[in-house]
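Novice: Pasting a structure below so you can have a look.
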Amino acid sequence: MTPTRLTGDRPALKKVRCAIYTRVSTDQGLDQEFNSLDAQREASEAYIKSQAHEGWSCLKQVYDDGGYSGGSLERPALQRLLEDLKSKILDVIIVYKVDRLTRLLTDFAKLVELFDAHNVSFVSVTQSFNTTSSMGRLTLNVLLSFAQFEREVTGERIRDKVAASKKKGIWMGGIVPHGYNLANRKLLVNSEEAQKVRQIFDLYLHLKSLPKLAARLADLGMVSRQRFYGDGRSIGGQPFRTGALSHLLSNRIYIGEIQHHETHYPGEHEAIVDRSIFDAVQAELASRLNRKSTVTHKSGALLQGMLFDSKGNRMVPVHASKSGIRYRYYQSWVLNHGQKEKAGLVSRVPAHEIEREVVKALQTGSATANAGANRSSLSDVIERVDVLEGQLYITLKPTTSSSEESQAAKPNTKLMIPWSKQLRRRKRELIGPTQDGPARRPMRAEVRSRLLTGIAQGRIWFEQLITNKNFTINDIAKRHGRSSRSVRSTLTLALLAPDIVDAAVNGRLPRGITVTQMTDLVPDWTEQRRALSLD
């Protein structure tokens, strides 16, 4: 006998998957056993249990944003929630209060539109409304308007407090400057670091160049302060870069002032740099900046801002002068900061040569035939140019024409042209005692003299280091008044291949090889010959 279903049987409930989102604006108290995020989650879970008769169940995924402001949607847990929403693994989003989701009315409108597009409901535990009705939307918009108003008033109050505190010279937080320690929310002079800061200011006035200053500080072994995070990560402890030095040299903290926007006030802390030295440094920095802007404007670099190496590094215009002639180049900006390992396969190219090839490639197409040899016309056509090994990859800007004829005549938005940097020098060979054919010029006498002096000095120092284990490179540097880097470079000359040394002594090294090229070579003799392009 087949059993019959009673009319009173209830149909199976549809399962409603609920995701709980929690947020707090600061990370204070998050290390407590039961914090604000836990309280929001507990109240949300209780609400879901009260709706169990409707088939509601809580997802195991946790979406907690601790220490993130509601004024932005760039929050990791919220972004994961939105990705899961698009993947259709949830049906309802639960929050403790509406402002936990966002405090901006415009952002909330975007979120509601996204929720509707994916048939996802939104519920606030402490505020009863329904987003599917017009009255519910009105109520929600009113609540969000007050939340946004509260956020803006709070921001104004904080800005006013910061301005008033800085006017009194009070340190209002941030990264503690090099040369100071923080105690009881006040800046105290760190005597050891303060001496280094004063040395940096003095060296800049002497060298008048940020790259040269960075190199000198690296030779002295001076590094930035190392800072540790609570999770064990650390930053700093690295050689100073030009950007960090520029910020340090222009920081008015060091003359005992607190700066607020364009205004500065006498601070509560002690100054560690004399004002006359600080003013001289600012004048030199300003003059350097003005000269750099003028040179960049008049440099004639047609592809400035459009050229990139194979690793995506921007290539900036540089120049070198020899015998009164100015030679222009483009090189990866990372080379300016001593990060050669981060540069692309082709990191430096002749400016005139590559500009000529790009203009020629553009003028071959009918739609780009009017691309003139000036930066303005090129920037109207070119999006970017990538310098790859053996070719140039030109990306053109899309056209805005809508007619069919124009679309048919529109050129390709990508151009690939073969290109390789021309070799400026022929392969070098050691000059033999007898030669057939045209005579080759030997190394210049003054260069050969410096090289032989360096080889002799390097061998003497190398012998001293071997025979006396307590004798160090720093001892040699102090005794001879040289930097440790200079001593290391000279020591490498003691490890040159015997045939290279013999050729230098007998004047058989070809012209074009410099002493700088021969320093810092690897000890392997075969690699030395390859690096110097010697057969």
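Novice: Name the long-range amide H neighbours of residue 257: under 5 Å, sequence gap of 5 or more, or other chain; modelled H, no Pro or chain starts.
Specialist: Excluding prolines and chain starts, which carry no amide H, the hits are 267.
Novice: Next question. One-quarter of the Cα convex hull surface for the range 17-170, in nm²?
Specialist: So the Cα hull casts an average projection of 10.3 nm².
Novice: Roughly speaking, what is the stretch gain from residue 472 to residue 495, that is 0.36 nm per residue apart minus the C-alpha to C-alpha distance, in nm to one decimal? It would help to have the intermediate numbers written out before the result.
Specialist: On the way: separation 23, 0.36 × 23 = 8.28 nm, distance 1.78 nm.
Fully extending the segment from residue 472 to residue 495 adds 6.5 nm.
Novice: Still on this structure, I have one more. What's the carbon and sulfur percent of the range 471-529's accessible surface, probe 1.4 angstrom, rounded to a whole number? Present the calculation step by step, with values, prior to reporting the outcome.
Specialist: Values: 1580 of 3030 Å².
Here carbon and sulfur together make up 52 percent of the probe-accessible area.
Novice: Could you please state how large a percent of the accessible area of the range 71-219 is carbon and sulfur, counting protein chains only and using a 1.4 Å probe?
Specialist: 54
Novice: Once amide H atoms are placed 1.01 Å from N in the peptide plane, what residues at a sequence separation of 5 or more from residue 388, or on another chain, have their amide H within under 5 Å of its amide H?
Specialist: Long-range HN contacts for residue 388: 393.
Novice: On average over all directions, what projected area in square nanometres does the range 434-524 have, based on the convex hull of its Cα atoms?
Specialist: So the mean shadow area of the Cα hull is 6.8 nm².
Novice: With a 1.4 Å probe and all protein chains left in place, how much of the accessible area of the range 307-346 comes from carbon and sulfur atoms, in whole percent?
Specialist: 53
Novice: Quote to one decimal, in nm, the extra length available between residue 80 and residue 142 on full extension: 0.36 nm per residue of separation minus the C-alpha distance between them.
Specialist: Between residue 80 and residue 142, full extension yields an extra 19.6 nm.
Novice: Under 13 Å from the Cβ of residue 334, count the other residues' Cβ atoms, weight Lys and Arg +1, Asp and Glu -1, and hand me the total. Intermediate results must be reported in sequence, preceding the final value.
Specialist: Numbers: positive: 241, 311, 314, 340, 342, 348; negative: 309, 341.
Once positives and negatives cancel, what remains is +4.
Novice: Which ³J(HN,Hα) values, rounded to whole Hz and listed in residue order, are derived for the range 319-324 from phi using the Karplus coefficients 6.51, -1.76 and 1.60 in 6.51 cos²θ - 1.76 cosθ + 1.60 with θ = phi - 60°, glycine and proline given as x?
Specialist: Calculated HN-Hα couplings, in order: 8, 9, 10, 8, 6, x Hz.
Novice: Tally Lys and Arg at +1 and Asp and Glu at -1 over the other residues with C-beta under 13 Å from the C-beta of residue 484: what net charge comes out?
Specialist: With Lys, Arg at +1 and Asp, Glu at -1, the net is +4.
Novice: Still on this structure, please answer the following. Could you calculate, for the range 18-108, the ratio of the Cα radius of gyration to the Kirkwood radius, expressed as Rg to Rh? Please list the in-between numbers first.
Specialist: Values: Rg = 13.1 Å, Rh = 13.7 Å.
With Rg and the Kirkwood Rh in hand, the quotient comes to 0.96.
Novice: Could you work out how much longer the chain between residue 340 and residue 393 gets when fully extended? Use 0.36 nm per residue separation minus the Cα distance between them, nm to one decimal.
Specialist: 16.9 nm
Novice: How high is the FRET efficiency between residue 282 and residue 87 when r is their beta carbon distance and R₀ equals 41 Å, given to the nearest 0.05?
Specialist: 0.15
Novice: If we sort 380-386, 53-59 on the protection proxy, mean other Cβ atoms within 10 Å, highest first, what's the order? Could the numbers behind the result be given before it?
Specialist: Numbers: 380-386: 18.0, 53-59: 14.3.
My ranking of the peptides, most packed first, is 380-386, 53-59.
Novice: Could you run the Karplus curve 6.51 cos²θ - 1.76 cosθ + 1.60 with θ = phi - 60° over the range 357-362 and give me ³J(HN,Hα) per residue in whole Hz, x for Gly and Pro?
Specialist: Result, rounded to whole Hz: 5, 5, 4, 4, 5, 5.
The values are calculated or read from the model by the stated rules, or taken from the named source; none is laboratory data. Everything numeric in this text was worked out from a predicted model, so none of it was measured. Note that we place each Cβ from the backbone using ideal geometry, even for glycine, and neighbour counts take in every protein chain shown. We work out accessible area using only protein heavy atoms, side chains counted, and drop any ligands, DNA or RNA first. Shrake-Rupley method; radii C 1.70, N 1.55, O 1.52, S 1.80 Å.
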